[in-house]
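A short reminder: the numbers here are calculations on the coordinates, not readings from a lab. Fair warning: this is a prediction, and the values are worked out from it, not measured in the lab. Counting neighbours? That spans all protein chains shown, and the Cβs are built from the backbone with ideal geometry, glycine included.
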Amino acid sequence: MLRATHIAAALTAIVAFGSPSFARAHEHHDENIPEGSVISPDPLDTILWLHIGGMIASFGIIFPIGMVLGIVRNRWHVPTQVVGAVVAILSWFLGHNHGGRQFAPNIHASFASTLMSLLMMQIGVGVYLKLHMEKGIHGKVRKKVVLLHGMLGIVMPVVAWVQMLFGGITALGFCRDSHTGNCLAHFIMGSSFIGYGTIMILLTLQGQCWLRSTGKSQEFWDSLVITCWGIINTFTEHRWGQHWEHNDIQHTSMGIVWWATGMLGLWLSWSNNGKPRRNVIPGIVIILTGYAMSAHTQHSPLSGAVHTVFGYTLMAAGLARVVEIAFVCKDRSYLALEQVSSWQYLSPYLLFAAGFIFQAANEEQIALVSSIGIDHVSYILVLYSLASVMFLFVNILITIYAKNPAPPLKRPVGGEGTRPNGHARPAEVVDDVQQFELEGLISDSDEERTVSRSERRSS
């Protein structure tokens, strides 16, 4: 099985690197694109739909599952990633050979080379590790290569998310010229809310050991990010030296309240005895942000209704966080997994929903939805559905991590403990939580040397 996997991975890399089309830019004919437009009026053809579906399946589903399996060193990590690579490369070729709608030069085509280069690098590193070359210089660089493999595995989902957003706006011809700023604001902030929700549920379910090791509460890190983000917003939302517009004042004042309340949250995260302390300031910041966004003046009734629901959703997420800290957790810094309450899923879920709503509230998308005749209620229900599916997938990934304890590594020590995912470990071994080496990447000779050292120490 492993030999077949090695061969498949190697062939995948050879085919991808050896293909002449890998090195050339995304080539499309644009003679059908009307003057002044960036896409042709043709519909998306079947090949392009297959490209979209294949890329979402590989980078959005298969690779994240493979990443988690790699972290816990599960034997299905390599087969999963091989399947994902095959699907991704085939879908990439489809994207270069479709008919139907044509596109002017765009960010999605330009950024594709970055994403695929990362994929090829990841495949090459994986094949190298599978060859178990450990003598000479290989023995010195192997640990660094393993670390690089793990880092690439974590970075890939983020880069893939950005590329999928680029794909959506390219397919619709959005975010050009004067609309670019509006697009950036909505997609960056919306993605930030989704990322915040992901980190929140991850820390709640599997991050308590890491929080304890830092000696700080989660609100310390939340407040630190809020402070930094507020400083950036304060000085970037307005072009200094020019006339102040209404939106400039709104966004700059929001940046000011973020860094002001963020610093307050940092201070309240410290207690007199130096132990971490919970506080509700980050939740209040979320409530204030939701209030501000719900009251923003919009250019159309549909946009106003969508932004209002977005603001209410964000306020609900902040209120749920305040209730969680003050009444559910009762200011306890850390909770065991079995103590996690169903209420603690509410705030991250609402952050997911707020993120999707805000991304879908950019002015061009609102205009498109309005022209089709979709009302804000139906639109919001669809966005909540997308948020539910995304939140479900994140919880599935966390469950895969929790239910697959990593095999013991090599360092015999005294004393017992638990793994980062909560599973008990024997007294004679300890996990290195920074190690991303995968099941099957440790050679038989490594294991034999580990066993012999353990026997000598025990005797």
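Expected output is a single nm value to one decimal: the length gained when fully extending between Trp244 and Lys403, i.e. 0.36 nm times separation in residues minus the C-alpha distance. What is it?
Result for the pair: 51.8 nm of gain on full extension.
Which distance in nm do the two modelled labels at Val389 and Leu148 give, with both placed 7 Å along the Cα-to-Cβ direction?
3.7
Run the quick spin-label model on Asp331 and Leu184: label points 7 Å from Cα toward the beta carbon, then report their separation in nm to one decimal.
Reported label-point gap for Asp331 and Leu184 is 4.3 nm.
Peptides 224-230, 360-366: what's the order by average Cβ count within 10 Å, highest mean first?
Numbers: 224-230: 18.4, 360-366: 20.9.
So the peptides 224-230, 360-366, ranked by packing, come out 360-366, 224-230.
May I ask you to work out the translational diffusion coefficient for segment 180-403 at 10 °C, viscosity 1.306 mPa s, via Stokes-Einstein with Rh from the Kirkwood sum over Cα pairs, reported in whole µm²/s?
Working: Rh = 18.3 Å.
The calculation lands on 87 µm²/s.
If packing is taken as the mean number of other Cβ atoms within 10 Å per residue, what is the order of 191-198, 37-44, highest first?
Per-residue mean Cβ counts within 10 Å order the peptides as 191-198, 37-44.
How compact and how long is segment 237-354, expressed as Rg and Dmax of its alpha-carbon atoms in Å?
Reported Rg and Dmax, both Å: 17.2, 55.
Any lysines with Cα under 29 Å of the Lys275 Cα? List them, leaving off those in the same chain fewer than 8 positions away.
Output for Lys275: Lys216, Lys330.
Under a cut-off of 18 Å between alpha-carbon atoms, report the lysines in cross-link reach of Lys130, not counting same-chain residues fewer than 8 places apart.
Of all the lysines, those that pass the test against Lys130 - Cα under 18 Å, at least 8 places apart if same chain - are Lys140, Lys143, Lys144.
Label points 7 Å out from Cα along the Cβ direction at Lys140 and Ser253: separation in nm?
Those two pseudo-labels are separated by 6.2 nm.
Taking the Cα centre of each part, how many Å lie between segment 47-61 and segment 275-331?
34
Using the beta-carbon distance between Glu35 and Asn272 and R0 = 51 Å, what value does 1/(1 + (r/R0)^6) give for FRET efficiency, to the nearest 0.05?
Calculated transfer efficiency: 0.15.
Find how much the distance from Leu224 to Ser192 grows on full extension, using 0.36 nm per residue of separation minus their present alpha carbon separation; answer in nm with one decimal.
So the chain would gain 10.1 nm between Leu224 and Ser192.
Show me, for segment 163-176, the HN-Hα J-couplings you get by feeding each phi into the Karplus relation (A = 6.51, B = -1.76, C = 1.60, θ = phi - 60°), rounded to Hz, glycine and proline as x.
5, 5, 5, 4, x, x, 6, 6, 4, 9, x, 8, 6, 10
Provide the gained length on full extension for the span Ile372 to Ser213, in nm with one decimal, where the gain is 0.36 nm per separating residue minus the Cα-Cα distance.
Once the chain is fully extended between Ile372 and Ser213, it gains 52.0 nm.
Over its Cα atoms, what ratio of radius of gyration to 2.2 N^0.38 Å does segment 213-285 give?
Values: Rg = 14.7 Å, N = 73, 2.2 N^0.38 = 11.2 Å.
Normalised Cα radius of gyration, segment 213-285: 1.31.
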